[in-house]
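Colleague: First the structure, which I've put down as structure tokens, then a few questions once you've had a look.
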Amino acid sequence: MQMMRMTVLSCIAAIPTVLVLAQPPAQQPPQPMSFFVTSAGKGDGANLGGLAGADAHCQALAAAAGRGSATWHAYLSTQGSGAVSARERIGSGPWYNARGQRVSQNLAELHGDTIEQARLGNALGKQFSLTEKQGIVNGVGDMPNQHDILTGSQPDGRAYTDAADHTCSNWTSNTAGSGSAQLGHSDRTGGGNMSWNSTHPSRGCSQENLVATGGAGLFYCFAIN
């Protein structure tokens with residue numbers, strides 16, 4: 001009887017240890033936001049004040065969302081002398097949206113640099129390409145459709161090298177019916193391909209021109225650090 005009592009007591013004493021060991025690991029905090037679609041454009045068509053003005057807009061929106069401590073750059077290419085490619089100004093990743101969901105691990109995955117990476121793709125799309133406020137950008141089927149995103153870039157994220165205007169005079173023009181900006185689709189729907197960064201050109205550079213094809217002068221912002 002004494003031996004049985006000691007065995008029972010030993011088993012009871014071991015229960016807390018078993019319970020502690022059985023507890024699930026502590027959940028990791030979500031990653032801080034390092035990518036977003038601007039919740040609003042600058043309101044002056046494709047005249048963003050150049051790259052500096054676009055970067056400042058990204059920085060201000062990020063600061064309002066509590067992420068002003070990071071350095072933010074707009075995903076935009078320029079053309080001509082001293083041309084800059086969008087992919088060369090956004091850091092090296094990984095990048096997470098405003099809900100802490102990873103949208104891409106690195107530049108190669110983001111742009112599908114290899115055949116396999118292109119096949120697998122990145123996570124960008126309507127449910128992951130969120131604004132800094134965690135909002136979903138209106139896409140095909142929504143009113144109004146605002147999925148056109150200013151990029152001025154080729155699918156690989158590099159600047160255009162031909163003579164045509166793909167950047168509305170390097171993001172300084174708001175002229176109606178003149179010039180053009182290359183656009184991606186935040187929802188990766190329509191336009192003949194599923195590109196997030198290079199789907200079709202705008203009809204001009206004014207705010208009205210951007211709205212006409214399903215846009216609002218929005219663009220992508222990435223934290224570079």
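Colleague: Kindly indicate which of Ser92, Ser39 is over 29 Å from Thr161 (Cα atoms) and among the polar types (S, T, N, Q).
Modeller: Of Ser92, Ser39, the one residue that is over 29 Å from Thr161 (Cα atoms) and among the polar types (S, T, N, Q) is Ser39.
Colleague: Could you please find all residues in the range 127-156 being under 20 Å from the mean Cα position of the chain (by Cα) and at positive phi?
Modeller: Residues satisfying the conditions are Gln134, Gly152.
Colleague: Being closer than 27 Å to Ser173 by Cα, surrounded by fewer than 20 Cβ atoms within 10 Å (Cβ to Cβ) and not β-branched (Val, Ile, Thr), is that true of even one residue in the range 23-39? Working first, answer last.
Modeller: Filtering the range 23-39 down to residues closer than 27 Å to Ser173 by Cα leaves 35-39.
Narrowing the set further to residues that are surrounded by fewer than 20 Cβ atoms within 10 Å (Cβ to Cβ) leaves 39.
If we keep only those that are not β-branched (Val, Ile, Thr) too, we end up with 39.
Looking for residues that are closer than 27 Å to Ser173 by Cα, surrounded by fewer than 20 Cβ atoms within 10 Å (Cβ to Cβ) and not β-branched (Val, Ile, Thr), one finds at least one in the range 23-39, hence yes.
Colleague: Take the conditions within 19 Å of the chain's Cα centre (by Cα), more than 23 Å from Ala65 (Cβ to Cβ) and free of Cβ contacts under 8 Å to residues at least 12 places away in the same chain and apply them to Ala159. Does it pass?
Modeller: In short, no.
Colleague: OK, next. Inside the range 110-141, can you point out the residues that are farther than 24 Å from Arg67 by Cα and either touching a residue at least 12 places away in the same chain (Cβ under 8 Å) or not polar (S, T, N, Q) (or both)?
Modeller: His111, Gly112, Asp113, Ile115, Glu116, Ala118, Arg119, Leu120, Gly121, Gly139, Val140, Gly141
Colleague: For the subset of the range 77-99 comprising residues that are more than 16 Å from Ile224 (Cα to Cα) and in contact (Cβ under 8 Å) with a residue 60 or more places away in the chain, which member is surrounded by the most Cβ atoms within 10 Å (Cβ to Cβ)?
Modeller: Selected residue: Thr78.
Bear in mind these aren't lab numbers, they're just calculated from the coordinates by the rules spelled out. These numbers were taken from a predicted model, which means no experiment stands behind them. Methodologically, a virtual Cβ is constructed for each residue, glycine included, from the backbone with ideal geometry; neighbour enumeration extends over all protein chains shown.
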